[in-house]
Amino acid sequence: MVLNPPLVIILFLQVWRFQVLAAQVPLTVSNFMVPTRTGRAPFTISSNGEEAETFFMVFGDLQSSERVPLVVSHGGGGTHHYLKSLSRLTEENSIPVILYDQLGFGLSTHFPDQAGNTSFWTVDVLVEQLIELIKFLGIEERYDFLGHSFGTVFGIELASRPEAEAGAATALRNRHRIRAGLRKLVLWSPCGSVELMDEMLKRRRTKLPEDVREALEKNEANGTTDSEEYKNARMAQMHLDFCRLESWPNDLLESFSYSSKDGDAALTLFGNNPLETTGTIKDWSARKSAKHIAVPTLLLNGYYDWSDEATEPLLWDIPVVRWVTFSNSSHLLHFEEPERFMDMVSNWLIRD
């Protein structure tokens, strides 16, 4: 069976064709500081011995800065491009910022031969990638982590795993060592579980304007999701619960431009059901593990985002936590309310 590209926001960026967006959304030019360093961090995937490289981009000085480096992980189906404006944290507060692309996305190694391989495309391989990047950059002794949407999963996984026991596998010992260096967490549009996220997506669908909802449901039922009516309805929904700006930054559209190249990983991880995650992450949950997060954690989301009720369990489960909802935003706070977002994140990271 040939699968169509996913047509839903699945924990973050929908895998959508750049040409559709570029034709329908006005562009705004994004300005960000020039990165201090870009490169590719090599590592060997433990599950199958394959060699891989992680593309990364650094703003600021990781060695000499008095500030703690911030590792930033993008959302599912996205790339580092839409997060480049976080370089403002470096420019305005001297916080070194590290962006990277997850395996199978953007400029990191792709594995088209692993398409559909549910034992390869897992949360664990992406956590392993993150650990190896942190080690490669030499910041494992002290760092902060910010994840957006699907990227929050990796922060939760790093911070919540129990301590490694004597004789534990090398991968588990590495995870514990990296966990020990984690100082603070920022979880931006997170969810307590994928099941909760799916429930919220379905609930949000019922609150859409009637004409938008009917157009979506009719075309999904008829298998005509390539129609102009459906595309227009999707764009209308995205302007409500994804990015409420009339003009979208070109950094965001640059991330979208990789969607046709990154489908192998996305389809296996997330699936292609508009309202239900059917890929390998479908059973992921933080409900039992979040209580083990031992670092101060900031939860952020937008009032119009799908993640609101899916975020709430983390408020009760994480021991030291603060939750802030942005009243004029949906899923992309850094574009929709940039000044408040930058102030909130920088104050959280700088404050002792």
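The values are calculated or read from the model by the stated rules, or taken from the named source; none is laboratory data. Small disclaimer: the values here were computed from a predicted structure and weren't measured. Heads up, the Cβs are rebuilt from the backbone with ideal geometry, glycines too, and the neighbour counts pull from every protein chain shown. Each accessible area value is taken on the protein alone, full model and side chains, heavy atoms only, with ligands, DNA and RNA left out. Shrake-Rupley method; radii C 1.70, N 1.55, O 1.52, S 1.80 Å.
A few notes on this one:
- Residues in the chain average 41 Å² of solvent-accessible surface per residue, probe 1.4 Å, ligands and nucleic acids excluded.
- Relative contact order [Cα under 8 Å, 6+ residues apart], the chain, whole percent: 23 percent
- Whole-Hz couplings from phi, Karplus 6.51/-1.76/1.60, listed for the stretch 99-112; x for Gly and Pro: 9, 7, 9, 5, 3, x, 10, x, 9, 7, 4, 9, 10, x
- Compared with the direct C-alpha span, the chain from residue 247 to residue 218 gains 7.6 nm at full extension, assuming 0.36 nm per residue.
- Here the calculated FRET efficiency for residue 136 and residue 91, from their Cβ-Cβ distance with R0 = 25 Å, stands at 0.55, rounded to the nearest 0.05.
- Charge dipole (Cα centre; +1 on Lys/Arg Cβ, -1 on Asp/Glu Cβ; no other charges) of the chain amounts to roughly 620 debye.
- Equivalent ellipsoid semi-axes - Cα gyration tensor, the chain, angstrom: 30, 23, 20
- Lys, Arg +1 and Asp, Glu -1 on Cβ, resulting dipole of the stretch 184-273 about Cα centre, debye, nearest 20: 340 debye
- Tilt relative to the chain, helix 170-181 - C-alpha long axis, 0 to 90 degrees, to 10: 80 degrees
- A cut-off under 10 angstrom between Cβ atoms defines the neighbours of residue 182, and their net charge, with Lys, Arg +1 and Asp, Glu -1, is +2.
- Three-way shape call for the stretch 244-318 based on the alpha-carbon gyration tensor, with the a/c threshold at 1.5: oblate
- Charge-dipole axis of the chain as Lys and Arg at +1 and Asp and Glu at -1 on Cβ define it, positive-most pick from 112, 98, 329: 98
- Computed [θ] at 222 nm, helices only, for the chain once each DSSP H run of length n ≥ 4 contributes -39500 (n - 2.57): -11000 deg cm²/dmol
- Three-way shape call for the stretch 207-352 based on the alpha-carbon gyration tensor, with the a/c threshold at 1.5: prolate
- The stretch 280-352 shape via C-alpha gyration tensor axes, a/c threshold 1.5: oblate
- 0 to 90° range, to nearest 10: angle between helix 338-350 axis and the chain longest Cα axis: 20 degrees
- Each other residue within a Cβ distance under 11 Å of residue 88 adds +1 if Lys or Arg and -1 if Asp or Glu, for a net charge of -3.
- Whole-percent carbon and sulfur share, accessible surface of the chain, 1.4 Å: 48 percent
- Whole-angstrom gap from the stretch 300-332 to the stretch 194-265, using each part's C-alpha centre: 21 Å
- Residue separation of residue 323 and residue 257 scaled by 0.36 nm, minus their Cα-Cα distance, works out to 20.5 nm of gained length.
- Note that the stretch 295-310 has calculated 3J(HN,Hα) couplings of 10, x, 10, 9, 9, 10, 7, x, 4, 9, 6, 6, 8, 3, 6, 6 Hz, one per residue in order, obtained from phi through the Karplus relation 6.51 cos²θ - 1.76 cosθ + 1.60 (θ = phi - 60°); glycine and proline are x.
- Antiparallel bridge percentage (DSSP; both residues within the chain; nearest 5): 35 percent
- 3J(HN,Hα) along the stretch 189-200, derived from phi through the Karplus expression 6.51 cos²θ - 1.76 cosθ + 1.60 where θ = phi - 60°, amounts to 6, x, 9, x, 6, 5, 4, 5, 4, 4, 4, 5 Hz, with x in place of Gly and Pro.
- Net charge contributed by nearby residues that have their C-beta within less than 14 Å of residue 337 (K/R +1, D/E -1): -1
- On the beta carbon distance between residue 40 and residue 183, with R0 = 22 Å, the FRET formula returns roughly 0.25.
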